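Written below as structure tokens is the structure these notes are about.
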Amino acid sequence: MMRTRTATVEKKQVEWTPDIGEEGDGVASRSVEDLQRLRKAASSSASKVQGMVKKRQAKLETRRQVASGLHEAAEYAEERHQRRSLEEFMRRLEEKAPDVIERKMARSDIDALRRSGWPESLSVESDYAGVSVENGMPTVDNMIDIMDMVLERLKTDEEDRGFKAVLHVKFALSIACRFLDALRKLPTVVHVSTALTPRLTIVGDIHGQFKDLIHIFSHNGLPSFDNPYVFNGDFVDRGPHSVEVLVLIMGFALADPYSIYVNRGNHEDFAVGMLYGLVAELEAKYGDPRLRQVLEACFSYLPIAHVVDHNVFVVHGGLTDKLGTLDDLKAIDRGLHPSLSTPHIKMSGTKQQQQQQRLKKRGVKKKAPSKHEILKDLLWSDPSDRGDPLDLECVPNDHRGQGVLWPAGLTKLWLVKHDFGVMIRSHQCKDDGFEICHGGKCLTLFSASNYYGDSDNDGAIVVLSRSDARILTYRTVSVAPVAQSVARLEREGLDRVENALLDHRQELITAFKKLDPLSRGIIHCDAWAKVMNDVVEMKLPWTHLAHKFVKPLDDGTVCYTPLLRRLEHAFHHEESLNKEALTLHESLYRRRHQLTLLFHFLDTDSNGVLDRAALERGCALLNRMNGDDPFHAADVNKFLKELDLDGDGTISFAEFAERLTRRP
């Protein structure tokens with residue numbers, strides 16, 4: 001069920017009416033004074049009950065908000081760690097091994113393959129019983145059949161990896177290739193109108209939550225020319241059904257032109273997808289390297305923004321003071337930026353380098369913001385709560401480690417400059433599925449319900465028409481009792497934060513030793529909270545949460561050794577591990593982002609598998625990048641033993657990702 005939300009919320013009035021019996025109905029007669037005393041007592045009891053209920057509800061709500069804050073802090077900490085790791089890796093790679101970048105960036109020519117009749121030339125097994133896409137062009141009926149088959153498989157708890165039984169890789173490739181053709185024809189900023197349609201629906205982050213997407217289509221109607229949708233990015237990663245969501249969005253967009261419009265989000269990026277689920281899911285469900293290559297190209301050609309009725313500006317992340325006008329954004333060749341989460345690789349012969357050379361010849365010294373930085377900001381940024389209308393300056397988005405925080409003054413300037421009324425962005429989970437800020441001019445829209453767990457947040461969509469805009473909210477799963485859901489959300493949030501601490505275990509040990517030179521395992525609670533704030537860079541109420549992580553003592557100190565023991569134990573995946581194996585586990589985990597990107601560069605044929613020779617090249621490459629010789633040929637045996645989970649002598653990306661991101 002979907003609910004229409006307005007700016008005001010009507011509170012239900014609860015009346016307590018004591019049941020006073022009449023004389024002769026078996027209830028003893030009472031005087032007026034008795035009745036008055038009974039009414040007063042009943043009213044007092046009712047007030048006490050109401051007070052207790054409200055107090056309990058307020059306490060649960062406070063716990064829920066703190067728990068949601070834990071999840072958000074852990075998520076942002078992971079993003080910061082990812083950015084730093086990837087930037088360091090790419091910087092060293094560009095300095096020490098630029099030839100590796102050149103070879104990887106020389107993509108296989110998908111267009112040449114298609115001219116030879118691929119993927120239509122691929123064969124389909126005779127026993128295939130899934131959806132068939134005739135001539136490579138999907139129909140609406142094809143998409144409905146896919147939805148029905150996936151839903152049926154979910155009901156029977158069939159293995160998710162069987163999606164290729166629903167849609168053969170040949171047909172998935174055909175849909176992706178034709179979707180790429182359509183994207184290449186689109187501008188960076190797409191203008192759409194509701195003049196010929198009764199309404200247009202904006203959808204925020206879906207994050208691979210297939211049930212949310214089906215819920216939206218079931219209650220708001222399937223995509224069509226008369227019922228178009230704008231998907232505002234982040235429809236993949238984190239959730240378990242990114243592939244199914246992708247197929248439906250691409251398929252409907254092809255089956256009924258002008259029924260679906262798509263913006264790029266920060267997760268439509270394979271450097272991000274390698275860390276948050278999409279690449280591993282593609283490997284598990286299809287295992288075809290060509291599909292990954294086509295989808296990577298699709299992501300780079302997704303439009304950055306949409307403008308509805310020359311009134312509503314729609315972008316995934318937000319604004320940046322690096323961008324002057326909408327025309328400046330339209331002039332950016334977005335296809336040159338396949339990844340916006342890693343530093344831009346300046347390849348010889350690219351348009352960007354040629355432009356830089358022209359500027360240098362003309363004597364232009366001032367370094368203007370790069371197009372890469374502008375696009376990254378538009379996909380990664382968040383609104384700040386600074387409300388000064390004259391404040392137009394953005395500040396770094398330290399919470400995420402990427403993008404900026406832009407003020408209300410910049411929102412107003414952007415809208416006035418382009419004669420827009422409002423802007424809609426996504427990118428942030430909100431309790432109600434939406435949030436309005438910057439004087440009512442900026443709407444955050446998040447469509448993945450229960451993002452952090454049951455009873456956590458609504459999903460929301462916006463339905464625009466010529467006359468109004470309605471916000472519809474929903475949840476797609478049955479909700480457990482509030483106290484139970486809050487306890488679960490809190491427990492999972494604490495686990496996520498403690499997992500995030502694994503990246504900083506060594507730094508925490510060093511910081512605690514400075515404060516505790518005698519190694520008693522005890523420091524003052526305020527000092528412990530400061531260490532956590534400084535080292536982990538999570539802005540959490542650490543003093544308030546101390547009892548969840550360490551053992552508080554009566555004199556205001558805490559015993560921190562239980563926390564360090566738990567963090568060390570996290571790397572003991574087996575009972576009998578020596579110190580050397582423990583160090584290897586921790587090293588692999590701490591470098592998981594860099595190693596994941598390394599896998600991408602070593603997998604030269606993009607088949608998702610590394611053999612011994614590739615691992616040897618990887619060790620040699622790491623030695624070149626680090627300027628020393630930390631890895632030797634013997635280490636390859638250790639890596640194979642550690643990462644080759646099925647013992648076939650090779651390492652698939654699924655094995656790689658499973659081992660590096662495995663949580664205790």
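Packing-wise, with mean Cβ within 10 Å as the measure, how do 444-452, 424-432 rank, highest first?
Highest-to-lowest ranking by the protection proxy: 444-452, 424-432.
Residues with amide H under 5 Å of C559's amide H, sequence separation 5 or more or different chain, H placed in the peptide plane at 1.01 Å from N; which?
K551, L553
With θ set to phi - 60°, apply the Karplus curve 6.51 cos²θ - 1.76 cosθ + 1.60 along region 84-94 and write out the HN-Hα couplings as whole Hz, x wherever there is a Gly or Pro.
So the Karplus estimates, Gly and Pro as x, are 5, 5, 5, 5, 5, 4, 5, 5, 5, 5, 5 Hz.
How would you order 319-330, 121-132 from highest to lowest mean count of nearby Cβ atoms within 10 Å?
The peptides rank, most packed first, as 319-330, 121-132.
Tell me, what ³J(HN,Hα) does each residue in region 193-210 have, in order and in whole Hz, if you take phi through Karplus 6.51 cos²θ - 1.76 cosθ + 1.60 with θ = phi - 60° and put x for Gly and Pro?
Using θ = phi - 60°, the values come out as 9, 9, 4, 9, 10, x, 6, 9, 10, 9, 10, x, 4, 10, 6, x, 8, 4 Hz.
Using the Cα gyration tensor of region 495-577, with a ≥ b ≥ c the square roots of its eigenvalues, what is the shape: rounded (a/c below 1.5), prolate (a/b larger than b/c) or oblate (neither)?
prolate
If you wrap a convex hull around the C-alpha atoms of region 182-233 and split its volume per residue, what is the figure in Å³?
Dividing the Cα hull volume of region 182-233 by its residue count gives 102 Å³.
Using per-residue counts of other Cβ atoms within 10 Å, averaged over each peptide, order 371-381, 204-214 from highest down.
The packing order, highest mean first, is 204-214, 371-381.
Would you work out if region 405-549 is rounded, prolate or oblate? Take a ≥ b ≥ c from the square roots of the eigenvalues of the alpha-carbon gyration tensor; rounded if a/c is under 1.5, else prolate when a/b is larger than b/c, oblate otherwise.
In terms of gyration-tensor shape, oblate.
Let me have the relative contact order for region 407-504, percent, based on Cα pairs under 8 Å that are six or more residues apart.
18 percent
Tell me, what is the per residue accessible area of region 369-439 in Å², probe radius 1.4 Å?
41 Å²
Between their Cα atoms, which of K185/K211; K55/K539; K417/K441 are more than 21 Å away from each other?
With Cα atoms farther than 21 Å apart: K185/K211; K55/K539.
Using a basic spin-label model with each label point 7 Å from the Cα along Cα→Cβ, how many nm lie between D385 and R612?
5.9 nm
What nm distance separates the two modelled labels at D635 and A620, each placed 7 Å from Cα along Cα→Cβ?
Here the modelled spin labels are 1.5 nm apart.
Rounded to the nearest percent, how much of the accessible area of region 390-533 (1.4 Å probe, protein heavy atoms only) is carbon and sulfur?
Here it works out to 53 percent.
How much accessible area per residue does region 258-315 have, in Å², with a 1.4 Å probe?
20 Å²
The values are calculated or read from the model by the stated rules, or taken from the named source; none is laboratory data. These numbers were taken from a predicted model, which means no experiment stands behind them. Don't worry about glycine lacking a Cβ; one is built from the backbone with ideal geometry, like all the others, and counts go over all protein chains shown. Protein only, heavy atoms only, side chains kept; ligands, DNA and RNA dropped before computing areas. Shrake-Rupley method; radii C 1.70, N 1.55, O 1.52, S 1.80 Å.
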